[in-house]
Amino acid sequence: MLDIQKFIWVPKVIVDKIDETTTRFEVQYLPRWFWHTLWNAFRRTILWYSSGWAITWLKVNWAAHEYHVIDWVKESVIDMMLNFKKLRFKVDENVERIQWISHRFTWVGVYTASELKLPSWVELINAETYLFEISDPGIELVIEYRVEKWYWYYSLDFLRDRDAKEDAQDINMLLIDNDFRVVDYVTYEVEDVIEDFSWNSKDKLILEIKTISPDVNPQEMLSFAWEVVASYAKLFIFDDVYVDKSLLVDYYDIADSAEKMVEDMNIKTIPIDALPLSERTRNALIKNEVLYVEDLEKKRKSELLSMKWIWRKAVDEIVDSLANMWKSLDW
């Protein structure tokens, strides 16, 4: 980390669960300017390296090709392939990278992925996925598929060439290209906390990750992607090369420095100008003779609202500004 981090406090991560599959990470606070580049690289990494188990091969009885239509099955074979393509699995890490599974379907009705009878060492991630519908009680549908683990993307050409070399082709084999991803999207936003160029100018990073299922842990995806980025970054740390490390500090040094700064701030008198407030709010506080941060900390929200020229929006601004300094109003 940079030495400037000593002045903008130890960075902390706030995790907010927006819904079952979407998690928001807010990082407070970071030095300015270079986070767009860094987090764009990170976003690409988490999208492409989020590996999972997916289906790359499907076989349906009576279907010789993907354009076949099976009587009394609502979906065509190609629609069934697209539905099976969405499935993601968790598999015991001790098993081989490629596994074959077979299912027999005989009753009338709608089938979702939750109907699949899987071995004990296989767990389905997105069990709510729709597969197909059978309308004839006399039909017996047998489906076999291949589950394997990888990352990036397997094209149909790659699968054909690989299976031909490994003699893994079947006369009724239907290949499915897949990207193995367990993350729908990753977005990030870098927000300016203070609109000036003083020593306390800083950025707040807002990162949002949406996974394909609540069973996928976004924090695991986050940690894994950082390990990947860090491992490649270490390639460029050469021996016997002069590097000016005076700007670099350890995380724990920053933590100690921030803790000491908090103690010092509790002793010293901090003028109200030190808070990143709008001109209107700052002038209103000064006119009400609130001249120091210590004076402001002793106030309640109700007291501030009773003051002249101070409205609810100004109180919210004051609360946010105090939080940037790890301070708050008296409750």
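The values are calculated or read from the model by the stated rules, or taken from the named source; none is laboratory data. Predicted model only: the values in this text are computed from it and were never measured. Ideal geometry is used to build each Cβ from the backbone, glycine not excepted, and the neighbour counts take in all protein chains shown.
Condition test on Val60, is it surrounded by 19 or more Cβ atoms within 10 Å (Cβ to Cβ), more than 32 Å from the chain's Cα centre (by Cα) and of a type outside the set (Ser, Thr, Tyr)? So Val60 fits the description; yes.
Looking only at region 5-39, residues that are surrounded by fewer than 18 Cβ atoms within 10 Å (Cβ to Cβ), touching a residue at least 12 places away in the same chain (Cβ under 8 Å) and either closer than 27 Å to Trp150 by Cβ or not assigned by TED's automatic domain parsing to the domain that holds Trp226 (or both) come to 3 in all. For region 112-141, the set of residues classified as crowded, with 18+ Cβ neighbours inside 10 Å, touching an Asp or Glu at 6+ places or on another chain (Cβ under 7 Å) and over 22 Å from Val183 (Cα atoms) consists of Phe132 only.
Considering region 231-331, the qualifying helices (runs of 4 or more DSSP H), each wholly inside and each with 3 or more residues that are at pLDDT below 80 and within 30 Å of Ala41 (Cα to Cα), run over 251-267. Whenever a residue of region 279-307 is under 19 Å from Ala323 (Cα atoms), its partners that are of a type outside the set (Ser, Thr, Tyr) and part of a helix (DSSP H, G or I), lying with C-beta atoms within less than 6 angstrom and at least six residues away or across chains, give the pairs Thr281/Ala314; Thr281/Glu317; Leu285/Ile272; Val290/Leu296; Leu291/Ile272; Lys301/Val315; Leu304/Val315.
Scanning region 96-126 for residues that are without any contact (Cβ under 8 Å) to a residue 40 or more places away in the chain, among the aliphatic types (A, V, I, L, M), outside any strand (DSSP E or B) and more than 15 Å from Met80 (Cβ to Cβ) returns Val108, Leu118.
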